[in-house]
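Let me begin by presenting the structure, written as structure tokens, before commenting on it.
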Amino acid sequence: EPEVTQTPSHQVTQMGQEVILRCVPISNHLYFYWYRQILGQKVEFLVSFYNNEISEKSEIFDDQFSVERPDGSNFTLKIRSTKLEDSAMYFCASSENRGAGNTIYFGEGSWLTVV
Amino acid sequence: AQSVTQPDIHITVSEGASLELRCNYSYGATPYLFWYVQSPGQGLQLLLKYFSGDTLVQGIKGFEAEFKRSQSSFNLRKPSVHWSDAAEYFCAVGARQAGTALIFGKGTTLSVSS
């Protein structure tokens, strides 16, 4: 079964450093997402991306964050100048555009620890 | 406001016993409803979804859920729990339009005792 893959599975970074989390969505999917789960809290939506632009973003997704689809397969989340509170599991997800229908498939997550 | 409530933070069930995890939602439009499961150290796996039609939906691993519009609920059930079902379960709601965000509940942790 096709799946969303994410790298790295775990990254430790110094506060203030830049981090790039990478994702390969399911190949025929057109919508891509990043979600975040701080330890012990609910999964929160960050951003959705379609047709090479952001289609929706939450208030969490401020200027510190950016997303990019640098080629035909990868989808990245960049976090500039990381803060301690950015420590979380970051999930990439994708969905296929079939009009009405919104099943989102998630990757296994990238655990980011900011020290 | 759009929200998902999972009233039970932690549930313990004996192996072989039945299970029901509660989910209530508040959503302005006609909702799409989902249950995801997250095992320790793993990602979110889709268990089942409700879009339209039959209000009782079947999912993987023997799970089912029933959509009750009048109660704004989408409770997850399993007739006989296995030790491998121990995990965290998340209910989520989204819009019919592709590409919109899912709103998650805080999750219910299921422990299975022998």
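Values as computed for the structure displayed
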quantity: Relative contact order computed over region A:1-40 (Cα-Cα under 8 Å; 6+ residues apart), in percent; calculated: 44 percent
quantity: Relative contact order %, chain A, counting alpha carbon pairs below 8 Å whose residues are six or more apart; calculated: 38 percent
quantity: Rel. contact order, % - alpha carbon contacts under 8 angstrom, at least six apart, region B:15-57; calculated: 28 percent
quantity: Magnitude of the charge dipole, region A:29-108, Cβ model with Lys/Arg +1 and Asp/Glu -1, debye to 20; calculated: 100 debye
quantity: For region B:22-87, size of Cβ-based charge dipole, Lys and Arg +1, Asp and Glu -1, in debye; calculated: 100 debye
quantity: Rg in Å to one decimal, and Dmax rounded to a whole Å, for the protein assembly as shown via C-alpha atoms; calculated: 17.5, 51
quantity: Compactness of region B:1-113 as Cα Rg over 2.2 N^0.38 Å, two decimals; calculated: 1.01
quantity: Residues residue A:10 and residue A:66, FRET efficiency given R0 of 22 Å [Cβ-Cβ distance, rounded to 0.05]; calculated: 0.50
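Any read-out appearing in this document is the output of simple, stated calculations on the displayed coordinates, not a laboratory observation. Everything quoted here is computed from the prediction, not taken from an experiment. Quick reminder, even Gly has a Cβ in these numbers, built from the backbone with ideal geometry, and neighbours come from all protein chains shown.
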